[in-house]
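A short write-up of the structure that comes next.
The values are calculated or read from the model by the stated rules, or taken from the named source; none is laboratory data. Please read all numbers here as calculations on a predicted model, not as lab measurements. No Cβ is skipped: glycine too gets one built from the backbone with ideal geometry, and neighbour counts run over all protein chains shown. Accessible surface areas use protein heavy atoms only, side chains included; no ligands, DNA or RNA. Shrake-Rupley method; radii C 1.70, N 1.55, O 1.52, S 1.80 Å.
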Amino acid sequence: MKPLNRAHTSHHFQLLAIAAPMILSNISVPLLGLVDTAVIGHLSEAYYLAGIALGSGSIALLFWLASFLRMSTTGEIAQANGQQDAGRALQSLSASMSFAALFALLLIVSTPWLLDLIAALSAATPEVFEQAAIYFSIRIFSAPAAMLNLVMLGFMLGMQYGRGPFYVVLFTNIVNIVLDVLFVVVLDFAVAGAAWASVIADYSALVLSCYLLRGVLEREGWQWQFKVPHKEEMQRLLHLNRDIFIRSLMLQLCFSFMTFYGARLGEDILAANAVLLNFLMLVSFAMDGIAYAVEAKVGQAKGARDLAMLRRWVRLSCFWAGCFALVYTLVFALFGPAVIGLLTDIPVVIDTALVYLPWLVVLPVIATSCFLFDGVFVGLTRAKEMRNSMLLSAVLGFFVPFLLAQQWGNHGLWFAMSCFMGLRGLTLIVKYQQLSARQQLLD
């Protein structure tokens, strides 16, 4: 690895110029969850809070699985940007928007079956499910806005306009918080009010995204008019999105298994794990920001057929991801107990979480490469490799270690999660090195 000397200073700033706004926007997201919980938690009955937790959690899962729309768009646009190929970029944008609209329509049409599935999996009480169904049935109509926003966020990231996604995410959260207070606290619309607040916020964000998108197009001197994409373009995008979707689904399966199996170990373990998973969320704030930046930079370098620059962006990203990982490890080691105390004041949960805190101290270092090289492979638009890495890591990195360490109880769960994160990164690094050795990074 070549030294990162002063000649790279401008490249450091370029990378951080994209990463920093994304880190800030990630930090703003939990604030919305806190406000949602606060306004609903002050209603008269506990089933309101439980209902919105179930309904919003289900929506969040569906919309999170749709993150393939953002990833595929970023990689495609970044490569077109590197080629200075406006035609390819605008055609990819049209195709991604078409795919997003179709996926959103599928979600809306599937609402009755999705509600039946939620009822079967949650085994919620009638009161709780009624509130969850109210929230879900309203919020699902924000799917078109949410899916199109993912595409436009991907476009802006691919064009290295990191401030755009920051403005959109921050604006969405502010609108949602204000409307939450208005509809729930002032107008007393209860769970339906929280759902409508999110729907209006998503469509307001869509308007802002369109405005920012137009600004990016004007800056580049591009004239865009939506065109029905070619069959070949849609098929290629379908294959790319399919592989990223499978990858995201397997990732969610492992995290969901950790939650559901933790529930079998007792409510204290379940609560402690919920607290500790917030540590991973904190790690993702910085690591996702670096990953988004490397997606754009690697994609641009591949589009420009500049192998030296591609490798340089990977090295710089490794440097910054490693720095953040070491900082997180140090902070968790020194202040982990204090963070746990901020998240809960229940003595038994605090004591239980402290037992498993060492796993979270080492996880930032273990997980660094999987966050980073996910971004590298998105930029390379090599979704098949991401899919294969995730499938291998889920089976051999999560479920096999869990079965071998099941007798360790919750330590076994965290051991499996650590192996899973580590193997994801290792398999992607090995694949990257193979592609590099074979001179196939630009293929």
Can you pull the one-decimal nm distance between simple spin-label points at Leu277 and Trp224, each 7 Å off the Cα toward Cβ?
3.5
Please compute the modelled spin-label separation between Asp85 and Arg305, points set 7 Å along Cα→Cβ, answer in nm with one decimal.
1.1
Give the calculated FRET efficiency between Ile174 and Thr125 to the nearest 0.05, with a Förster radius of 41 Å applied to their Cβ-Cβ distance.
0.75
Which helices of the chain meet both criteria: a Cα extent of 24 Å or more along the helical axis and a mean Kyte-Doolittle score no lower than -1.0, with helices taken as whole DSSP H segments?
9-41, 46-65, 86-109, 163-180, 190-220, 231-264, 267-303, 307-343, 347-379, 410-437
When the expected Rg is taken as 2.2 N^0.38 Å, what fraction or multiple of it is the alpha-carbon Rg of the stretch 274-363?
1.43
Backbone N under 20 Å from the Ile108 label point (7 Å along Cα→Cβ), restricted to the stretch 123-149:
133-149
What is the spin-label model distance, in nm, from Phe319 to Val430 if the labels are put 7 Å beyond Cα along the C-beta direction?
2.9
With springs connecting C-alpha atoms under 10 Å apart, model the chain as a Gaussian network and identify which of Ile244, Ile174, Ile23 has the largest mean-square fluctuation.
Ile174
Leaving out ligands, DNA and RNA but keeping every protein chain, what accessible area does Thr125 have, in Å² rounded to the nearest 10, with a 1.4 Å probe?
70
Please give the charge dipole size of the stretch 209-303, origin at the Cα centre, charges +1 on K and R Cβ atoms and -1 on D and E Cβ atoms. Round to the nearest 20 debye.
360
Need one value: the accessible area of Trp64 in square angstrom, 1.4 angstrom probe, rounded to the nearest 10.
90
Helix-only [θ] at 222 nm, the chain, -39500 (n - 2.57) per DSSP H run of 4+, per residue, nearest 500, equals -29000 deg cm²/dmol
Looking at the chain, how many pairs of lysines come closer than 22 Å at the Cα, when each pair is eight or more places apart or spans two chains?
9
For Glu220, Glu267, Glu130, Glu76, what's the largest-to-smallest order of accessible area, 1.4 Å probe?
Glu267, Glu130, Glu220, Glu76
Return the FRET efficiency for the residue pair Leu238, Gln439: r is the Cβ-Cβ distance, R0 is 22 Å, and the value is rounded to the nearest 0.05.
0.15
Length-normalised contact order for the chain - Cα pairs under 8 Å, 6+ apart - percent
22
Order the following by accessible area, largest value first: Val331, Val228, Val128, Val395. Probe radius 1.4 Å; ligands, DNA and RNA are ignored.
Val228, Val395, Val331, Val128
Take the Cα radius of gyration of the stretch 103-262 and divide it by 2.2 N^0.38 Å, with N its residue count; two decimals is plenty.
1.23
Distance from the Cα centre of the stretch 390-443 to that of the stretch 250-296, in angstrom?
16
The stretch 289-419: Kirkwood hydrodynamic radius (Cα pairs, Å) comes out at 16.8
Can you give the Rg to Rh ratio of the stretch 209-334, both from alpha-carbon atoms, with Rh computed by the Kirkwood formula?
1.09
Considering only protein heavy atoms and a 1.4 Å probe, what is the carbon-and-sulfur percentage of the accessible area of the stretch 230-307?
61
